[in-house]
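Asks: Sharing a structure below in structure tokens format, with a few things to ask.
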Amino acid sequence: MSQTPAQPSAPPADAALLISQEGAVRTLSFNRPAALNAFTAQLLAQTRAALDEAAEDAGVRAVVITGTGRAFCAGQDLSDPLIKPEFGADARPKDIGHLLDNYYIPLALRVRSMPVPVIAAVNGVAAGAGANLALGCDLVIAAESASFIQAFSKIGLVPDCGGTWLLTRLVGRAKAMELALLGDKLPAAEAARLGLIARVVPNEELAATAQALAARLAGMPTRALVETRQAFDEALSLNFEDALKLEAVMQSQLGFAHDYLEGAAAFLEKRAPIFKDR
Ligand code: T3D
């Protein structure tokens with residue numbers, strides 16, 4: 001790890017998104033606790049910009065996304081003037097697809113294309129797009145008291161922010177349909193049992209566990225981790241032979257990279273490797 005991370009631009013303590021840095025780990029915390037960290041257009045844009053900044057900073061080798069207060073994120077802020085329905089004779093319907101095109105799709109794609117691993121540390125309830133943003137991260141860990149709610153059907157919408165793609169692949173169609181149609185609260189332990197998330201930890205251990213996992217990933221060969229994400233995503237729509245070929249292409253490219261040479265040399269020399277590719 002040769003690069004010193006730039007200090008993230010320090011937002012005020014009451015900012016909707018808090019940004020901090022510990023070693024090579026950048027942490028983004030949704031910070032609208034009175035509204036359960038619901039997404040306004042502004043918070044969505046800030047989160048995307050913060051991820052762009054982390055992606056461009058060679059000193060950042062892992063990102064943690066979490067929330068302050070008792071929620072991770074309650075999804076779209078339904079009181080945001082951009083989408084809040086108007087009522088009465090003069091009411092004009094609003095195209096909420098606009099919000100998805102301009103905010104949710106770019107943000108979900110940004111998470112999935114980060115050049116470093118992204119951990120969701122789900123500290124409390126994660127509803128709607130808040131749940132699906134977390135599920136799109138590379139590792140999802142949750143506090144015991146956290147829960148996941150596909151809240152969309154209750155307000156007449158379909159799962160978004162990647163929910164249709166993620167849920168069907170993570171838990172299969174039958175369970176995905178149950179979660180999406182009923183919109184019931186899924187406790188973290190059940191989410192882990194279903195394979196929706198990686199693990200559950202005691203509430204008081206969540207932040208430290210997320211930071212420790214992120215620091216561990218930050219010390220690993222970043223390119224290999226990120227290409228693993230890409231290979232897994234592509235494998236979902238490939239036949240076995242094409243998946244084998246994709247693995248070979250990736251392995252061939254990684255085989256020329258510093259980190260493979262370093263990893264293999266360190267193993268043979270019985271010393272700790274120092275990875276630096278990103
Ligand atoms: O335009 C579009 O909608 C397109 C985009 C869609 C993406 C989506 O995410 S759609 C799904 C939007 N989210 C929801 O429908 C979830 C709404 N929230 C809830 O169902 C509940 O709040 C929770 C189950 C998450 C938590 O329940 P509970 O009982 O623990 O808390 P609460 O009392 O309901 O909420 C606490 C406060 O947060 C409350 O404000 P108050 O009364 O204390 O001033 C509540 O209004 C506020 N809050 C919670 N969620 C949202 C919210 N405010 C605005 N938007 C929210 N999504």
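For every residue, the table says whether it meets (1) at pLDDT below 95; (2) in contact with a helix residue (DSSP H, G or I) (Cβ under 9 Å, 6 or more places away or on another chain).
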position: Val226; (1), (2): no, no
position: Ala231; (1), (2): no, yes
position: Phe256; (1), (2): no, no
position: Asp277; (1), (2): yes, yes
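Asks: Restricting the search to the range 130-150, which residues are farther than 22 Å from Pro106 by Cβ, within 9 Å of the ligand (Cβ to nearest atom) and aliphatic (A, V, I, L, M)?
Replies: Answer for the range 130-150, where residues must be farther than 22 Å from Pro106 by Cβ, within 9 Å of the ligand (Cβ to nearest atom) and aliphatic (A, V, I, L, M): just Ile149.
Asks: Additional query: When Glu204 is evaluated against the numbered criteria (1) touching a residue at least 12 places away in the same chain (Cβ under 8 Å); (2) open to solvent by 60 Å² or more (accessible area, probe 1.4 Å), which criterion, by number, is the only one it fails?
Replies: (1)
Asks: Shifting gears a bit: Considering only the range 86-110, how many residues are open to solvent by 20 Å² or more (accessible area, probe 1.4 Å) and either within 13 Å of the ligand (Cβ to nearest atom) or charged (D, E, K, R) (or both)? Full working, then the answer.
Replies: Here is the first cut: in the range 86-110, the ones open to solvent by 20 Å² or more (accessible area, probe 1.4 Å) are 86-98, 100-103, 105-106, 108-110.
Then keep just the ones that are either within 13 Å of the ligand (Cβ to nearest atom) or charged (D, E, K, R) (or both); that gives 86, 90, 92-98, 100-103, 105, 108, 110.
Count: 16.
Asks: Here's another thing I want to ask about it. Could you give me the residue pairs with C-beta distances under 8 Å whose first residue belongs to the range 78-106 and is of a type in the set (Phe, Trp, Tyr), whose second residue is near the ligand (Cβ under 8 Å from one of its atoms) wherever it lies, and which are 6+ apart or on separate chains?
Replies: Between residues of the range 78-106 that are of a type in the set (Phe, Trp, Tyr) and residues that are near the ligand (Cβ under 8 Å from one of its atoms), the close pairs are Tyr103/Phe39; Tyr104/Ala129; Tyr104/Asp160; Tyr104/Cys161.
Asks: Kindly check whether there is at least one residue in the range 76-85 that is open to solvent by 10 Å² or more (accessible area, probe 1.4 Å), of a type in the set (A, V, I, L, M, F, W, C) and away from the ligand (no atom under 13 Å from the Cβ). Full working, then the answer.
Replies: Quick first cut of the range 76-85, residues open to solvent by 10 Å² or more (accessible area, probe 1.4 Å) only: 76-85.
Subset that is of a type in the set (A, V, I, L, M, F, W, C): 78, 82-83.
Add one more test, that the residue is away from the ligand (no atom under 13 Å from the Cβ), and what stays is none.
No, that holds for no residue.
Asks: Here is a further query. State all residues of the range 24-42 that are open to solvent by 10 Å² or more (accessible area, probe 1.4 Å), under 13 Å from Ile119 (Cα atoms) and either without any contact (Cβ under 8 Å) to a residue 60 or more places away in the chain or within 14 Å of the ligand (Cβ to nearest atom) (or both); if no residue qualifies, say none.
Replies: Once the filter is applied, which keeps residues that are open to solvent by 10 Å² or more (accessible area, probe 1.4 Å), under 13 Å from Ile119 (Cα atoms) and either without any contact (Cβ under 8 Å) to a residue 60 or more places away in the chain or within 14 Å of the ligand (Cβ to nearest atom) (or both), the range 24-42 yields only Ser29.
Asks: Out of Ala176, Ala180, Ala192, Ala243, report the one residue that is within 30 Å of Gln253 (Cβ to Cβ) and open to solvent by less than 70 Å² (accessible area, probe 1.4 Å).
Replies: On the way: Ala176 fails: within 30 Å of Gln253 (Cβ to Cβ); Ala180 fails: within 30 Å of Gln253 (Cβ to Cβ); Ala192 fails: within 30 Å of Gln253 (Cβ to Cβ).
Ala243 is the lone residue from the list that is within 30 Å of Gln253 (Cβ to Cβ) and open to solvent by less than 70 Å² (accessible area, probe 1.4 Å).
Asks: If we only count strands (runs of 3 or more DSSP E) wholly inside the range 2-119, which ones have 2 or more residues that are among the β-branched types (Val, Ile, Thr)?
Replies: Passing ranges, in order: 25-30, 62-67.
Asks: Somewhere in the range 249-259, is a residue out of contact with any Ser or Thr (no Cβ under 7 Å at 6 or more places or on another chain), exposed (fewer than 12 other Cβ atoms within 10 Å of the Cβ) and either closer than 27 Å to Arg173 by Cα or of a type in the set (Lys, Arg) (or both)?
Replies: Scanning the range 249-259 turns up no residue that is out of contact with any Ser or Thr (no Cβ under 7 Å at 6 or more places or on another chain), exposed (fewer than 12 other Cβ atoms within 10 Å of the Cβ) and either closer than 27 Å to Arg173 by Cα or of a type in the set (Lys, Arg) (or both).
Asks: Turning to a different aspect of this structure: So, of the residues in the range 1-23 that are at pLDDT 95 or above and among the polar types (S, T, N, Q), which turns out to be most open to solvent (accessible area, probe 1.4 Å)?
Replies: Checked the range 1-23; the qualifying residue most open to solvent (accessible area, probe 1.4 Å) is Ser20.
Asks: A further question on this structure: Among (1) open to solvent by 70 Å² or more (accessible area, probe 1.4 Å); (2) without any contact (Cβ under 8 Å) to a residue 60 or more places away in the chain, where does Ala71 come up short?
Replies: Every listed condition holds for Ala71 apart from (1).
Asks: With the requirement that a residue be among the hydroxyl-bearing types (Ser, Thr, Tyr) and either within 23 Å of Pro115 (Cβ to Cβ) or buried (at least 16 other Cβ atoms within 10 Å of the Cβ) (or both), what does the range 146-167 give you? Even if it seems obvious, please write down each step before you answer.
Replies: If we filter the range 146-167 for residues that are among the hydroxyl-bearing types (Ser, Thr, Tyr), which is where we start, we get 147, 153, 164.
Ser147, the sole residue that qualifies.
Asks: Mind listing whichever residues of the range 239-257 are assigned to a helix (DSSP H, G or I) and in contact with a Lys or Arg (Cβ under 7 Å, 6 or more places away or on another chain)? Give the derivation first.
Replies: Here is the first cut: in the range 239-257, the residues assigned to a helix (DSSP H, G or I) are 240-255.
The answer is Leu254, and nothing else.
The values are calculated or read from the model by the stated rules, or taken from the named source; none is laboratory data. No experiment lies behind these values; they were computed from the predicted model shown. Counting neighbours? That spans all protein chains shown, and the Cβs are built from the backbone with ideal geometry, glycine included. SASA here: full protein model, heavy atoms, side chains in, ligands and nucleic acids out. Shrake-Rupley method; radii C 1.70, N 1.55, O 1.52, S 1.80 Å.
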